[in-house]
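*Asks:* Sharing a structure, written as structure tokens. Questions coming.
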Amino acid sequence: MNILLLGSGGREHALAWKLAQSPSATKLYAAPGNPGIAECAEIASVDAADHAGVADFCKAHDIGLVVIGPEAPLVDGLADSLRAAGIPVFGPSKAAAQLEGSKGFTKDLCARANIPTGGYVRTTSLDEAKAALDRFDAPYVLKADGLAAGKGVVIAPTREEAEAALADMFGGQFGAAGAEVVIEEFLEGEEASFFALTDGETILPFGTAQDHKRVGEGDVGPNTGGMGAYSPAPVLTLELQQRTMDEIIRPTVETMRAEGIPYSGVLYAGLMLTTDGPKLIEYNCRFGDPECQVLMMRLESDLAQIMLACAKGELAGVEGAFSDKTALTVVMAAKGYPGTPEKGGAIDLGDAEAGGAKVFHAGTAIKDGQLVANGGRVLNVTAMGANVTEAQAAAYEAVERIGFASGFCRRDIGWREVERERG
Ligand code: AMP
Ligand code: GLY
């Protein structure tokens, strides 16, 4: 089977790396890809925004499966267009991708299906939103309803700051994504991620992870797309995973199906582990980045075959085998990130992979034959170990072998678990 993978980040490099190893994959194409992806796939010149163009490419190259990495093309309905052309797709329809594309949609679904999540109010005007703040205590959680490239969430410590943030949101800070704002109860606890694959009916749990969203060591400073992650997340015990399946994932999949918008693809639940049990913070309709990198490092099964089964509604009986070891990834970012990252800094990967580590490219380019930084998050240095402590040591050992003068990374990825393992 020939496969087309869409996307260009570290998540897609990890998917490409795993798909290229799949016994059921014949030829892998990727677009737009990156220099790392180019080592395991042939770069194709198709544009995910041009649905007819993607379908034409698939017909011309006998593509048996399209894997859509990022959320934007899913929310834009690319999976629907390709399915209409008879092409199997890994990823949800436009209607089902609302689980990520509209915070209000997901909150309403949770309310209908009795799924544990924070209390909320959907608002469509500044006056309405300000009045709704009365119903909550500080800190205030404010979310632009639509996709805002991960930047649409504001946690305001005081009412004054909340009102100012609401004024910005309704003033167009996030464009159309902020035409509606969801105000939410603040949940307390530790965050963890749970992944499941589903074809709309069968659900296959697909691993757990924890990431570090803040740019600074000790989890301080501005939010980023994620500065590192590890899998599995021991904090999600088997009992908590079962509760997540029973109380959150299964009711979601069943309700979506019952309401005529079956969900197919990967369902990524961001959870808050509260004293009352796991509560849903948000859904994503794609793999996490960099969580995908640590999941793929541990996956032992044929990814292409699993994704095809998912796309065809044939997930029943399919299993995903993961290594018992821990994988940990350290994000090397360009100085300036998450503000304006320095572009063009030279990268020397040296013998970083000599000890078994894997370096995924997230934001790189080749300029005059030299590998250079070309984005905020640039490399994902990923390694395995018997536990988080050992995986962390292996990942930082690989980081030390990389020359990237205009880059930086956090030195404490996995710290919570390392502390717990120390006892
Ligand atoms: P999101 O983009 O929805 O993942 O939100 C970004 C981050 O904001 C999450 O990873 C949480 O750390 C935090 N957050 C979002 N919603 C809540 C909530 N209801 N209570 C506490 N923290 C939240
Ligand atoms: N690392 C968080 C995300 O992919 O949304």
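The values are calculated or read from the model by the stated rules, or taken from the named source; none is laboratory data. Being a predicted model, the structure only gives us computed values, none of them experimental. As a convention, Cβ positions derive from the backbone with ideal geometry for all residues, glycine included, and neighbour counts pool all protein chains shown. Only protein heavy atoms, including side chains, enter the accessible area calculation; ligands, DNA and RNA are left aside. Shrake-Rupley method; radii C 1.70, N 1.55, O 1.52, S 1.80 Å.
*Asks:* Based solely on its DSSP helices, what 222 nm [θ] is calculated for the chain when runs of n ≥ 4 H residues each add -39,500 (n - 2.57) and the sum is averaged over all residues, nearest 500 deg cm²/dmol?
*Replies:* So the calculated ellipticity at 222 nm is -8000 deg cm²/dmol.
*Asks:* With unit charges on the beta carbons (Lys and Arg positive, Asp and Glu negative) and the dipole taken about the Cα centre of the chain, which residue among PHE360, GLY101, PHE170 sits farthest to the positive side?
*Replies:* Most positive-ward Cα: PHE360.
*Asks:* With the contact rule set at Cα under 8 Å and sequence spacing of 6 or more, what percent relative contact order holds for the chain?
*Replies:* In percent, rounded to a whole number, it is 16.
*Asks:* Please calculate the 1.4 Å probe accessible area of THR326, with all protein chains present, and give it to the nearest 10 Å².
*Replies:* Number for this one is 10 Å².
*Asks:* Can you compute the label reach from ASP168? Point 7 Å from Cα along the Cβ direction, backbone N cut-off under 17 Å, restricted to segment 317-345.
*Replies:* 338-340
*Asks:* Let me ask another. Out of GLU191, GLU254, GLU239, any idea which swings most in a Gaussian network model of the chain, alpha carbons joined below 10 Å?
*Replies:* GLU239
*Asks:* When the accessible area of the chain is split by element with a 1.4 Å probe, what percent falls to carbon and sulfur?
*Replies:* 48 percent
*Asks:* Highest GNM mean-square fluctuation, the chain, Cα pairs closer than 10 Å: which of ALA373, ALA149, ALA393?
*Replies:* Greatest mean-square fluctuation among the candidates belongs to ALA149.
*Asks:* A follow-up question, please. To the nearest 20 debye, what is the magnitude of the charge dipole of segment 160-316 about its Cα centre, counting +1 on the Cβ of each Lys and Arg and -1 on the Cβ of each Asp and Glu?
*Replies:* In total the dipole reaches around 620 debye.
*Asks:* Same structure again: Taking a ≥ b ≥ c as the square roots of the Cα gyration tensor eigenvalues, with a/c under 1.5 meaning rounded and otherwise prolate when a/b beats b/c, else oblate, which class fits segment 265-338? The partial results should precede the final answer.
*Replies:* Values: a/c = 1.77, a/b = 1.28, b/c = 1.38.
Because a/c hits 1.5 or more and a/b fails to exceed b/c, segment 265-338 counts as oblate.
*Asks:* Heavy atoms of the protein only, probe of 1.4 Å, neighbouring chains included. What is the accessible area of LEU349 in Å², nearest 10?
*Replies:* The value for LEU349 is about 40 Å².
*Asks:* Further question: Could you work out the relative contact order of segment 269-367, using alpha carbon pairs under 8 angstrom and six or more residues apart, expressed as a whole percent?
*Replies:* 18 percent
*Asks:* Let me ask something additional. How big is the charge dipole of the chain about its Cα centre, in debye rounded to the nearest 20, if each Lys and Arg gets +1 on its Cβ and each Asp and Glu gets -1 on its Cβ? Don't jump to the answer; show the numbers that get you there.
*Replies:* On the way: 36 positive and 58 negative charges, 88 e Å.
That gives a dipole near 420 debye.
*Asks:* Can you give me the long-range amide H partners of GLU180? Hydrogens built in the peptide plane at 1.01 Å from N, cutoff under 5 Å, separation of 5 or more residues or another chain.
*Replies:* ASP145, GLY146
*Asks:* Sticking with this one: Run a plain Debye calculation on segment 211-337 (Cα atoms as equal point scatterers, no solvent) and give log10 I(q)/I(0) at q = 0.15, 0.22 Å⁻¹, rounded to two decimals, same order as the q list.
*Replies:* -0.88, -1.53
*Asks:* Give the shape of the chain as rounded, prolate or oblate, defined through the alpha-carbon gyration tensor: a ≥ b ≥ c are the square roots of its eigenvalues, a/c under 1.5 means rounded, and otherwise the shape is prolate if a/b is larger than b/c and oblate if not.
*Replies:* rounded
*Asks:* Using the per-residue mean of other Cβ atoms lying within 10 Å as a proxy for protection, in what order, highest first, do the peptides 169-175, 74-80 fall?
*Replies:* By packing density, highest mean first, the sequence is 74-80, 169-175.
*Asks:* A further question follows. Could you list the square roots of 5 times each eigenvalue of the Cα gyration tensor of segment 1-60, that is, the equivalent ellipsoid semi-axes, sorted largest first and rounded to whole Å?
*Replies:* Values: eigenvalues 65, 39, 13 Å².
Listed largest to smallest, the semi-axes of segment 1-60 are 18, 14, 8 Å.
*Asks:* If ASP246, ASP368, ASP199 are ordered by their accessible area, calculated over protein heavy atoms with a 1.4 Å probe, which sequence runs from highest to lowest?
*Replies:* From most accessible down to least: ASP368, ASP246, ASP199.
*Asks:* Where only protein heavy atoms count, and the probe is 1.4 Å, what is the accessible area per residue for segment 102-220 in Å²?
*Replies:* On a per-residue basis, segment 102-220 sits at 43 Å².
*Asks:* Still on this structure: LYS59: which lysines have alpha carbons under 30 Å from its alpha carbon, excluding same-chain residues fewer than 8 sequence positions away?
*Replies:* Of all the lysines, those that pass the test against LYS59 - Cα under 30 Å, at least 8 places apart if same chain - are LYS18, LYS27, LYS94, LYS312.
*Asks:* Still on this structure, please answer the following. Please name which of PRO251, ASN34, ALA334 has its Cα lying farthest along the dipole of the chain towards the positive end, using unit charges on Cβ (Lys, Arg +1; Asp, Glu -1) and the Cα centre as origin.
*Replies:* ASN34
*Asks:* Just name one of HIS61, MET227, PRO278: the one whose Cα is farthest towards the positive end of the charge dipole of the chain (beta-carbon charges, Lys/Arg +1, Asp/Glu -1).
*Replies:* Working it through, the farthest residue towards the positive pole turns out to be HIS61.
*Asks:* Follow-up. Separation of segment 84-132 and segment 44-64 by C-alpha centroid, Å?
*Replies:* Centre-to-centre (Cα) distance: 29 Å.
*Asks:* So how long is each side of segment 1-133 along the principal axes, counting just the alpha-carbon atoms, biggest first, in Å?
*Replies:* Principal extents (Cα only, largest first): 56, 28, 28 Å.
*Asks:* Please tell me the relative contact order of segment 55-111 in percent, rounded to the nearest whole number, where contacts are Cα pairs under 8 Å and at least six residues apart. Let's see the in-between values first.
*Replies:* On the way: 61 pairs, mean separation 18.0, N = 57.
Reported relative contact order: 32 percent.
*Asks:* Under a straight-distance cross-link criterion of Cα-Cα below 17 Å, which lysines are reachable from LYS343, leaving out those fewer than 8 residues away in the same chain?
*Replies:* Answer for LYS343, where 17 Å is the Cα cut-off: LYS335, LYS367, listed by chain and number.
*Asks:* Let me cross-check TRP17: its accessible surface, 1.4 Å probe, with only protein heavy atoms counted, in Å² to the nearest 10?
*Replies:* Only protein atoms counted, so the area is about 60 Å².
*Asks:* Using all C-alpha to C-alpha distances in segment 185-266, build P(r) with 5 Å bins and read off the rounded percent in each one.
*Replies:* 3, 13, 19, 19, 17, 15, 9, 4, 1
*Asks:* When the chain is modelled as a GNM with alpha-carbon springs shorter than 10 Å, which of ALA144, ALA85, ALA41 fluctuates the most?
*Replies:* ALA85
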